[in-house]
Ligand code: ARG
Ligand code: ZN
C-alpha cells in the first residue's frame, strides 16, 4: 500500500522535501515525534488539500483507500498541518503519536529455544534479516533435498542474491503456484508470513489436505533484499529497491530506487505510477528495468511449470485484490477470482482473522499499473492472481508489532489453502 492519491502525483510538481528525496542518510533515520494521522477524505477538495500538503513536503502519505488516508507528519509541521486540515473540514485522528517509539517497540530481539538443534535462525516472534531468511531456506534444501530446492534467480544492484524455494513432492502433473513477499521493503509482515507458510508446507504438509500436497510451490520470501536491508539499517519506511536513478531525470538530483510493483510489463507506466525518480511510486525507465522484477520474469517464464496461481503478499490494509490493477476494469473470468477471494476471506475469518476487503485492485484500492499481479494474469496467464494486503487496518500500519506475525500468518495460510485448492482444479 502507498496511498490512494498517488495516481495523480505526476500532474504535480513534486516537492523535493519528502523523505525519499532527501540527501541519502548514512546512519539510522530517527522518527522521534513523527506522527501518523488517519484522515477522512470524502471529496475531491479534501484530496486536493492533502496533495498540496504532500507537494509542499509537509506530509508523506502512507496507506489508505478511497475514503481514508494515513499520513506521516513531521514534528515541525504538526501545527500547520492540523490547521490546514481543520480549515478544510478534514477530520482526522492521531494513530501513532511517536513513530520512533512504535519502531522501537515493534521488533523484540530474536530468541532461540534450541538453536543448535534447529540448524537455522528463523523464528516467528521477531522480524528477521535477509541472511536469516536465506539461511532458513538453504537449510531446508540441504535437509530435505528430495522435497526442497533453492534457486538463486538473480542478484540485486547491491549484489545480494534473490532466492526462490521450490517445494514439491515431485509428482508428475502437479499444478504450480507462485508466492512472493517483500517486494516493498517496509512491509515487514510480508516476508514473515511467507516464511511461516514455507515452514508449514515443509514440516506439516502431511496434515494438509491432498490438494495442498500435490502442488509445486515456488516461493520467493524477499523479492527486494536491498530495500528490505535498508529498511532495517537506515530507513524503516523505505519502500523501493536501492538502485540509484539517473540524476538527469530529476533535475540532477540523485534519487534511489524504483517501485518494483510498478515495474512489471503489463500496461506499464499507466495510472498510479510516478515518472519522478524521487517519488515512492517511481515505475522505472521501462518495464523490467530492475534486476529484481527482471529476475522474477525470467525465472517464471523460463520454468516449465503449469502455473495456475500467483499470490503476492504486501501490507497493509487487509485486502484480497485481483486484476486489474492498472485501471478500473475486470478480466473475463473475474467471477472465478471473485468467488475464490470471497472463500478465502471467509477462511480468514474462520481462522479468527478480521474481515479482508475483496475486489479488483484498481477500483477497490486505487489504480496502479505495472503491478506483478497484472503481469502474472495478463502475460503469464496464471488464472488465480492475487495481491493480498496483510494486517493491519492502520493502527500500526507498516510498523506492525512482531507479536502479530503468527496470527497474521495463520489467516494468510487459510487464504492460501483456498487459492491452492482452486488452482489444483483449474
Ligand atoms: N499496495 C499495492 C501497491 O501499491 C497494491 C497493488 C495492487 N495491484 C495492482 N496491480 N495495482 O503496489
Ligand atoms: Zn506493498
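Bear in mind these aren't lab numbers, they're just calculated from the coordinates by the rules spelled out. In this text, all values refer to a predicted model and were calculated from it rather than measured experimentally. Neighbour counts run over all protein chains shown; Cβ positions are idealised from the backbone, glycine included.
Tabulated values for the structure
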read-out	value
Approximate spin-label separation residue 111-residue 246, in nm, with each point projected 7 Å along Cα-to-Cβ	5.3
Among 303, 364, 152, residue whose mean-square fluctuation peaks in a GNM of the chain (springs only between Cα atoms under 10 Å)	303
Computed Rg/Rh of the range 159-239, alpha carbon atoms with Kirkwood Rh	1.07
For the chain: relative contact order, % (alpha-carbon pairs under 8 angstrom, 6 or more apart)	18
288, 144, 151, 136 arranged by Cβ crowding within 10 Å, fewest neighbours leading	144, 151, 288, 136
Full-extension gain in nm, residue 43 to residue 333, via 0.36 nm per residue minus C-alpha separation	101.1 nm
Distance histogram in 5 Å bins (all Cα pairs of the range 26-120, percent per bin)	3, 12, 20, 20, 13, 8, 7, 5, 4, 4, 3, 1, 0
Cα-based helix-to-principal-axis angle, 334-350 vs the chain, degrees rounded to 10	90
Euclidean distance of C-alpha centroids, the range 309-340 and the range 35-78, integer Å	26
Candidates 163, 383, 171: whichever shows maximal mean-square fluctuation once the chain is modelled as a Gaussian network with Cα springs under 10 Å	171
Overall form of the range 126-179 per C-alpha gyration tensor (a/c, 1.5; a/b vs b/c)	prolate
R0 of 35 Å, Cβ-Cβ distance residue 131-residue 30: FRET efficiency to nearest 0.05	0.90
Length released on extending from residue 147 to residue 214, taking residue separation times 0.36 nm less the Cα-Cα span	22.9 nm
The range 201-294: radius of gyration over Cα atoms, expressed as a fraction of 2.2 N^0.38 Å	1.41
Residue of 36, 162, 90 that the Gaussian network model of the chain assigns the largest fluctuation, springs spanning Cα pairs under 10 Å	90
Cα-Cα pairs of the range 72-229 separated by more than 28 Å (percent)	37
Where N is the number of residues in the range 184-224, Cα Rg divided by 2.2 N^0.38 Å	1.32
Cα shape, the range 250-393, gyration tensor, a/c 1.5 rule	prolate
Calculated Rg and Dmax of the chain using C-alpha coordinates, Å	20.5, 65
Span from the the range 341-357 Cα centroid across to the the range 148-167 one, whole angstrom	31
Theoretical ellipticity at 222 nm over the chain - DSSP helices of four or more residues, -39500 (n - 2.57) apiece, nearest 500	-9500 deg cm²/dmol
Helix axis angle, 130-143 relative to the chain longest principal axis, alpha carbon, degrees	10
